[in-house]
1. Which residue, B:GLN303, B:TYR335, B:VAL313, has the largest displacement toward the positive end of the dipole of region B:295-337 when charges sit on each Cβ (Lys, Arg +1; Asp, Glu -1)?
2. Over chain B, consider all pairs of different Cα atoms and compute the Kirkwood hydrodynamic radius from their mean reciprocal separation; express it in Å, one decimal.
3. Provide a whole-number value for the mean count of partner chain Cβ atoms within 10 Å of the Cβ atoms in peptide A:134-141.
4. Longest segment of chain B with no GluC sites (Glu not before Pro) in a DSSP loop having at most 12 other Cβ atoms within 10 Å?
5. For each of A:ASP77, A:ASP127, A:ASP140, count neighbouring Cβ atoms within 10 Å of the residue's Cβ, then give the residues from fewest to most.
6. Going through the DSSP H helices of chain B, which span 24 Å or more along their own axis at the Cα atoms while scoring at least 0.0 as a mean Kyte-Doolittle hydropathy?
7. Classify region A:1-110 as rounded, prolate or oblate from the Cα gyration tensor: take a ≥ b ≥ c as the square roots of its eigenvalues, call it rounded if a/c is under 1.5, otherwise prolate when a/b beats b/c and oblate if not.
8. Among B:249-255, A:32-38, how do they line up by average Cβ neighbours within 10 Å per residue, starting with the highest?
Amino acid sequence: MLNEHGPVVVDARDVTVAIGGRPVLRSNTLRVHEGEFLALMGANGSGKSTLVRALTGLRPLTSGSVALFGTPLDDFDQRQRIGFVPQRATAAGGVPASVREVVASGRLTRRRVLRPPGRADRRAVADALEVVGLADRAGDGISTLSGGQQQRALIARALAGEPDLFFLDEPTAGVDLPNQQALAAALRTLSERGATVVLVAHELGPLAPLVDRAVVLRDGRIAYDGPPLSEEAVHFHHHPTTEHHDHAPHVASPLDTLEGGR
Amino acid sequence: MNLIDLLGLDFMHRALLAALFTGLAAPAIGTFLVQKRLALLGDGIGHIAVTGVALGLLTGTSPTWTAVVVAIIGAVVIEVIREQGHTNGDVALALLFYGGLAGGVLITGLDGQGASSLNSYLFGSLTSIRGGDVWFTLALAVVILAVTLGLLPQLFSVASDPEFAKVAGLQVRAYNVLVAVLAAVTVTVAMRTVGLLLVSALMVVPVATSQQLARSFRTTLTGAMGVGVVAAVGGLLLSAALSVHATVAPGPTIVLLALAMFASTWPLGVWLRHRRRLRAPFPAVPADGTDHSHDVTEDHSHQHGDDCGHPAVQHGDHVDYVHDGHRHAPHGEHYDEH
Ligand SMILES: Nc1ncnc2c1ncn2[C@@H]1O[C@H](COP(=O)(O)OP(=O)(O)OP(=O)(O)O)[C@@H](O)[C@H]1O
Ligand SMILES: [Mg+2]
Ligand SMILES: [Zn+2]
Ligand SMILES: [Zn+2]
Ligand SMILES: [Zn+2]
Ligand SMILES: [Zn+2]
């Protein structure tokens with residue numbers, strides 16, 4: 001439930017991010033209120049994932065500042081309040097891992113080091129699996145799941161920590177309609193409980209009715225910030241532009257770093 | 001002198017103890033390396049540790065200590081390069097590997113002993129394990145086991161998805177350095193039994209063996225430790241038995257035994273995965289009526305049943321019998337193609 005006068009949960013000011021010396025995000029200011037459901041949209045390469053990574057602290061800022069729940073990101077330690085679903089094709093590593101193990105790692109924010117999981121932890125993991133419809137696959141290896149099922153496992157991992165601020169980077173890419181509807185129902189429940197959601201998506205599908213506000217990125221800048229839009233308006237289908245997407249220069253020497261180029 | 005006499009000797013007791021703990025510790029840390037797709041990290045550290053051993057031989061200090069120090073420095077450097085270097089990290093690692101090995105052989109040459117004195121460190125040696133070494137091995141192995149098992153959920157999370165772990169507030173860099181340092185310590189612990197050039201095999205092959213049969217990370221880890229112990233202790237005994245006739249270094253026998261265990265579980269793993277796939281339930285019949293349940297199979301003389309040998313797989317409210325790439329559901333007197 002959006003509360004326009006509620007506290008600001010995400011406060012990003014003049015966020016600028018350069019990768020390998022090349023500006024990817026240019027001076028973006030974004031304020032998200034408690035309970036807001038925000039859809040972050042834009043073409044491939046427009047900087048959506050980079051913005052989400054900057055907001056979660058994965059991508060250092062070149063200039064500007066980010067505060068979550070009123071605390072600057074560098075000092076922010078209430079990590080159990082954040083849930084993150086990365087943009088990803090697969091959830092599998094080099095060793096077999098069960099779906100339950102992957103989902104349980106989302107619970108670590110609420111568990112103390114060297115303590116075995118308690119009843120509440122197991123309950124939360126089971127509930128998260130239930131929400132994404134993978135309860136019957138909990139014991140199976142994550143790599144035996146299809147791409148969309150793995151994506152659902154990653155969503156469950158974020159749910160398991162019972163956060164109140166979600167960053168979801170294209171969580172429904174490759175997920176079929178019934179499961180998108182299930183996810184929409186889960187997000188609706190969370191949203192009604194007061195959770196704040198920042199969702200990156202190309203197509204909102206069943207999530208569309210939940211969205212309070214749309215932000216459209218274009219070439220690293222916020223080009224639109226306001227009420228939800230139709231799909232056409234987001235992708236500028238009526239005014240196709242030839243885009244030049246030359247990538248950041250490649251690193252030639254093994255000891256070179258992209259970060260060093262800043 | 002036969003194997004029974006050998007088993008009565010003090011140095012054999014020490015060697016067996018060292019092998020037992022090496023067999024437990026090396027696969028424990030190896031599981032995390034394999035999960036991070038860094039299976040060859042142990043190999044790289046082993047090569048770097050050669051320089052450490054050579055420095056010890058040259059300066060007359062204990063090669064164990066110099067190897068530990070050099071291996072830890074090398075492991076941390078590798079971790080830093082990996083974290084910073086993005087795409088070309090593996091090239092940088094290769095540079096370090098070869099530098100370590102070449103440096104070690106060169107330094108031993110300076111000492112005037114030639115590469116032969118390095119041999120017992122490169123491939124392990126039964127008789128070179130001193131009393132102090134055993135306690136050292138034992139203490140380090142206990143530390144490795146306590147850390148890997150105690151921090152398993154955290155290390156698993158960091159190894160499988162470092163970005164998610166970072167957002168969850170885990171100290172990803174600290175955990176990564178911890179794993180690298182533990183790998184370096186493991187390499188030096190295993191140096192006396194398996195040798196520096198083969199230690200990586202004891203970290204990786206048991207994991208490869210165990211993951212043939214396991215479905216979860218935890219069972220892979222414990223299974224790998226079991227395989228590691230059998231390979232290390234068994235290989236050591238085998239090399240002791242053989243050394244009655246010839247000089248056989250324990251390293252190669254341990255590794256070959258581990259590989260034999262991998263080779264024998266591999267077909268079993270293939271069969272198990274095949275069976276699991278065959279028996280996975282089919283999604284229930286869609287409710288929207290796009291049901292094709294009345295494709296009657298022609299000429300079906302065989303009678304499916306509980307013990308006909310064909311897997312009966314759950315499909316909604318009935319079972320399908322799977323054979324020859326078909327799914328046959330009993331329907332009255334005939335079978336439907338599902
Ligand atoms: N690790 C990186 N190294 C170099 N350039 C990068 C890196 N990550 C992103 N970029 C660049 O930053 C720009 C924005 O990328 P980003 O991943 O944020 O796009 P996006 O909007 O999420 O696109 P998509 O819809 O494909 O997910 C792109 O031009 C990309 O080339
Ligand atoms: Mg993206
Ligand atoms: Zn029929
Ligand atoms: Zn049959
Ligand atoms: Zn059927
Ligand atoms: Zn049949």
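1. Of the options given, the answer is B:VAL313.
2. After inverting the mean inverse Cα-Cα distance, the result is 22.6 Å.
3. Across A:134-141, the average partner-chain Cβ count within 10 Å equals 2.
4. Here the longest run is B:1-297.
5. In increasing order of surrounding Cβ atoms, one gets A:ASP77, A:ASP127, A:ASP140.
6. Answer set is B:10-35, B:41-59, B:63-85, B:89-110, B:131-150, B:172-190, B:217-242, B:250-279.
7. Oblate shape, in that a/c is at least 1.5 and b/c is the bigger or equal ratio.
8. B:249-255, A:32-38
None of the figures in this text is laboratory data; all of them are computed from the coordinates on show. All values derive from a computational prediction rather than experimental measurement. Note: ideal-geometry Cβ built from the backbone for every residue, glycine included; neighbour counts use all protein chains shown.
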